[in-house]
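Worksheet: the structure to be examined is printed underneath.
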Amino acid sequence: MELFNSESKKIISDPINVNNPISLQVLGICSALAVTIRVDQAIIMSLAVIFVLSSSNVILSVIRNFIPNRVRIVIMLSVIASLVSVVDQLLQAYMYDMSKQLSVFVGLIITNCIVMGRAEAFALKHGPSKAFLDGIGNGLGYGMIIIIVSFFRELFGSGTITLPNGGAGYVLFSIPESWYAAGYENIGLLVLSPGAFIILGLVIWFQRELIGIEEEA
Amino acid sequence: MGLEHYLSIFTKAVFIENIVLAYFLGLCSFLAISKKIDASVGIGMAVVVVLTITAPINWYLWEFLLKDGALSWIHPSLSELNLDFLKLIVFISVIAAMVQLVEIFMEKFSQSLYNSLGIFLPLIAVNCSILGGSLFMVEREYLLSETIVYGFGSGVGFLLAIVALASVRYRLRYSNIPPRLRGVAMAMLLTGLLSMAFMAFSGIDL
């Protein structure tokens, strides 16, 4: 099987670029904003979503011919909920601090529209290998946007950049004390919810300028 | 606990801790539907109905099945971690089933209500604000009566936020927005401003 022909590449790269799940399909924004206060939370959340999305796409694609159309939503939800539970348990076992910080938002991957949306729009119509690539691509597209948003929110909101490790996070960079002494101040608004909305709005705008896509009204 | 206690939970859920503007829940439908005011009212009402029904049902399940039963290791003090996989699966199935039931019930008994809300109901099963409402109910260890007030209040908060955004977007039709900022990007910026406005309520001392 040719896994890396041009069609497969397109399935992976489109969602990162011209068909991004967050900025163009407008799916999965709920969780995208809550976990972007720190970069490490965003990275872990992206990994969780990539895992759930690619596995749910593969599983649903394998059983797609056996799912009666009327009950498909319930079946999709139960597959997704089981996968999210796996992620939840793994996080609890190996990254306890992180799972505590993410609190209800790991559970809310179940209702993340990306997972349901891709299952409905792609996995139920294509074979497992394509569905897997679609899941990876959309997960990466989601991850890219939330990591960008969290980068700005953390750098300008709290003055640090934190990467994930087993414990409370590894601080890669923080704004030196001398800057604060010279009068630099963090923008507290970015840590609060309005900051998340505004940064994401600007990121979406920027990306649409790059790709050149317009929307009516 | 007196009336003021419930009033304060309600006010908190509607204004201070608005489920959309402070916790980012239910944003998918929030952004997609808020283009039209009447549709926004429709989905807002549907969210109020479903949240008010599912939150108490999930409370019963939590209190008498998940919390005490064979899985008694699910101690409420651990519930903020939300790591219990049964909780997620049970809650989401209850929500999906309730949405289906409400839809059937409406179709049977109130055709006019069904016509106005019907198309929004399937969307609500995957609206994060419903599952979020149940998860927050567990996390905050509400009593049954508090849960009902909280579920209703969160629904009203969603209704208020979506109708407010829809009205602003309606007005914006006559403004000259840069073409690529139109649509979702502009809606996000507006939501940011709305959220900032709602933050002013946090000054209220309850």
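Data overview
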| item | result |
| --- | --- |
| Exclusive hit being part of a helix (DSSP H, G or I), open to solvent by less than 40 Å² (accessible area, probe 1.4 Å) and at pLDDT below 80, set B:MET98, B:MET106 | B:MET106 |
| Sole residue being within 14 Å of another protein chain (Cβ to nearest Cβ), touching a residue at least 12 places away in the same chain (Cβ under 8 Å) and loosely packed, with under 13 Cβ neighbours inside 10 Å, chosen from A:GLY212, A:GLY195, A:GLY188 | A:GLY188 |
| First in the range A:145-172 and surrounded by fewer than 16 Cβ atoms within 10 Å (Cβ to Cβ), second anywhere and assigned to a strand (DSSP E or B) and at pLDDT below 80, Cβ under 9 Å, 6 or more apart | A:LEU163/A:TYR170; A:LEU163/A:VAL171; A:LEU163/A:LEU172 |
| Count of residues meeting criterion [more than 17 Å from the chain's Cα centre (by Cα) and among the aliphatic types (A, V, I, L, M)] in the range A:35-85 | 13 |
| Complete set of residues in the range B:134-189 that are in contact (Cβ under 8 Å) with a residue 12 or more places away in the chain and on the phi > 0 side of the Ramachandran plot | B:GLU141 |
| Qualifying residue in the range B:132-140 (condition: among the polar types (S, T, N, Q) and surrounded by fewer than 24 Cβ atoms within 10 Å (Cβ to Cβ)) | no |
| Residue check for B:SER77: modelled with pLDDT of 75 or more, open to solvent by 30 Å² or more (accessible area, probe 1.4 Å) and among the small types (Gly, Ala, Ser) | no |
| Odd one out for A:SER56 among (1) within 12 Å of chain B (Cβ to nearest Cβ); (2) surrounded by 19 or more Cβ atoms within 10 Å (Cβ to Cβ) | (1) |
| Condition check for A:TRP179: within 13 Å of chain B (Cβ to nearest Cβ), assigned to a helix (DSSP H, G or I) and over 20 Å from A:VAL39 (Cα atoms) | no |
| Matching option when the condition is among the β-branched types (Val, Ile, Thr) and more than 17 Å from A:ILE145 (Cα to Cα), among A:ILE109, A:ILE37, A:ILE43, A:ILE73 | A:ILE73 |
| Members of the range B:158-176 found to be within 13 Å of chain A (Cβ to nearest Cβ) and surrounded by 15 or more Cβ atoms within 10 Å (Cβ to Cβ), listed by number | B:PHE158, B:ALA161, B:LEU165, B:ALA166, B:VAL168, B:ARG169, B:TYR170, B:LEU172 |
| Residues satisfying the stated conditions in the range A:77-103, i.e. open to solvent by less than 10 Å² (accessible area, probe 1.4 Å) and within 8 Å of chain B (Cβ to nearest Cβ) | A:LEU77, A:ALA81, A:VAL84, A:SER85, A:ASP88, A:SER99 |
| Residue in the range A:191-200 that is under 19 Å from the mean Cα position of the chain (by Cα), closer than 24 Å to A:VAL86 by Cβ and of a type in the set (A, V, I, L, M, F, W, C) present | no |
| Residue ID - most open to solvent (accessible area, probe 1.4 Å), chosen from residues in the range B:23-74 that are modelled with pLDDT of 80 or more and among the polar types (S, T, N, Q) | B:THR52 |
| Enumeration of residues in the range A:44-63 that are small (Gly, Ala, Ser) and closer than 14 Å to A:LEU102 by Cβ | A:SER46, A:ALA48 |
| Per-region count, the range B:185-201, residues open to solvent by 10 Å² or more (accessible area, probe 1.4 Å), over 15 Å from A:LEU189 (Cα atoms) and either at the interface with another protein chain (Cβ under 7 Å from one of its Cβ atoms) or of a type in the set (A, V, I, L, M) (or both) | 2 |
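Residues checked against (1) within 14 Å of chain B (Cβ to nearest Cβ); (2) among the aliphatic types (A, V, I, L, M):
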| position | (1), (2) |
| --- | --- |
| A:GLU7 | no, no |
| A:ILE11 | no, yes |
| A:ILE16 | no, yes |
| A:LEU24 | yes, yes |
| A:LEU27 | yes, yes |
| A:CYS30 | yes, no |
| A:ALA34 | yes, yes |
| A:ALA42 | yes, yes |
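The values are calculated or read from the model by the stated rules, or taken from the named source; none is laboratory data. Fair warning: this is a prediction, and the values are worked out from it, not measured in the lab. Cβ sites come from the backbone with ideal geometry, for glycine too, and all protein chains shown count toward neighbours. Just the protein is used for accessible areas: all its heavy atoms, side chains included, with ligands, DNA and RNA removed. Shrake-Rupley method; radii C 1.70, N 1.55, O 1.52, S 1.80 Å.
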